[in-house]
Amino acid sequence: MDKGAVTLHPTVIYHRTDEGQLEHKSHVIMSDTAMYNSGPVLAFMKEIVPIVHRLVPNLKTFHYVKDSPTSQYRNKHFFYLVANYQNMFDGVQASWQYFKAGHGKGPCDGVGGTAKRQADSAVKRHICSIQNADDFYAWGISQSQSNVDYIFVSNTKCVEMSEFLKNLNIMPVKGTMSVHSVVSLGPNSIAVRETSCYCDDCFKDGTFHAKCNGWYRHTFSESSRSDLENDLMDANESITDSLAAGSSKSMEPTEHIDTAAVETTGQQYEVNS
């Protein structure tokens with residue numbers, strides 16, 4: 001590991017107040033890890049999710065919107081995490097929407113870019129010396145006027161999460177590269193779609209139902225859970241016994257699809273048509 005490595009993972013949390021007012025809160029998660037896989041992302045999520053629960057005590061569904069590098073976010077491990085999200089994170093459902101390649105910059109890019117630019121300026125003005133992730137974090141938390149909160153996640157935690165994922169014996173989801181929307185349907189089960197959907201049928205009552213056309217179910221069959229899972233549980237973590245390793249089954253239309261709507265289209269779709 002490069003001792004001078006600094007990994008930044010900016011996030012912007014959008015939520016509504018009890019009065020219906022839309023608000024947002026920005027964070028920069030930093031780490032001394034040089035890993036570029038799903039392990040660090042899971043470690044970062046475990047820091048952010050409790051913050052969201054404090055902002056929204058009655059949270060029903062957590063909607064993630066992110067770009068789609070396969071090494072980090074769009075792969076079999078992450079799909080499995082979405083499937084078992086409720087068991088991992090206090091009973092809250094999750095959906096994950098992936099940006100198309102070439103989507104341009106988003107709010108998270110702005111937060112990360114601003115943090116790096118301000119840190120670079122502080123170094124040039126001899127306000128601080130940043131040689132590693134610890135220095136970057138020390139500078140970040142010293143910014144009392146900043147609207148961005150800084151969080152540090154050690155490489156040790158990233159390695160633990162990477163080992164945990166590596167021990168999950170699961171098969172890839174068919175059509176992974178074309179998937180741009182994933183939603184949990186319960187333990188070991190997800191619905192996937194080639195394009196994201198924001199219709200009133202899918203977004204209803206504060207949860208996500210995957211009701212319109214185009215969704216397909218993917219199920220991970222259960223087997224013995226990873227031995228490492230026991231080592232990862234502590235007072236601040238809620239990974240439960242229902243997280244299990246498994247192999248995948250072929251995709252089938254999700255039972256939440258409105259069959260009446262399908263019949264009214266007058267079209268029948270087949271593979272390769």
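The values are calculated or read from the model by the stated rules, or taken from the named source; none is laboratory data. None of these values were measured; they are calculated from a predicted model. Neighbour counts are summed over all protein chains in view; Cβ atoms, including those assigned to glycine, are modelled from backbone coordinates with ideal geometry.
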Identify the residue in the range 1-25 that is under 19 Å from the mean Cα position of the chain (by Cα) and within 30 Å of Lys166 (Cα to Cα) and, among all such residues, is surrounded by the most Cβ atoms within 10 Å (Cβ to Cβ). Thr11
Within the range 33-89, which residues are within 23 Å of Thr219 (Cβ to Cβ) and of a type in the set (Gly, Ala, Ser)? Ser38, Ser68, Ala83
Considering each of Lys100, Lys76, Lys124, Lys105 in turn, give the residue that is surrounded by fewer than 21 Cβ atoms within 10 Å (Cβ to Cβ) and at pLDDT 95 or above. Lys124
Within the range 165-177, identify whether any single residue is crowded, with 17+ Cβ neighbours inside 10 Å and farther than 15 Å from Tyr80 by Cα, and answer yes or no. no
Inside the range 169-204, can you point out the residues that are outside any strand (DSSP E or B) and free of Cβ contacts under 8 Å to residues at least 40 places away in the same chain? Ser178, Glu194, Thr195, Cys197, Tyr198, Cys199, Asp200, Cys202
Contacts under 7 angstrom Cβ, first residue in the range 155-168 being in a loop (DSSP other than H, G, I, E, B), partner of a type in the set (Ser, Thr, Tyr), 6 or more apart: Asn167/Ser226; Leu168/Tyr80; Leu168/Ser226
Considering only residues that are surrounded by 20 or more Cβ atoms within 10 Å (Cβ to Cβ) and among the hydroxyl-bearing types (Ser, Thr, Tyr), look in the range 178-195 and name the one that is farthest from Gln97 (Cα to Cα). Ser184
Hey, among Asp134, Asp149, which residue is in a strand (DSSP E or B), surrounded by fewer than 19 Cβ atoms within 10 Å (Cβ to Cβ) and more than 18 Å from the chain's Cα centre (by Cα)? Asp149
Residue check for Arg117: closer than 22 Å to Gly140 by Cα and more than 17 Å from the chain's Cα centre (by Cα): yes
Out of Ala83, Ala115, Ala119, I need the residue that is in contact with a strand residue (DSSP E or B) (Cβ under 6 Å, 6 or more places away or on another chain) and over 19 Å from Ile13 (Cα atoms). Which one? Ala83
Residues located in the range 137-146, provided they are part of a helix (DSSP H, G or I) and either polar (S, T, N, Q) or crowded, with 18+ Cβ neighbours inside 10 Å (or both): Tyr137, Trp139, Gly140
Scan of the range 26-43 for residues that are under 20 Å from Phe89 (Cα atoms), modelled with pLDDT under 95 and of a type outside the set (A, V, I, L, M), ordered by number: Ser38, Gly39, Pro40
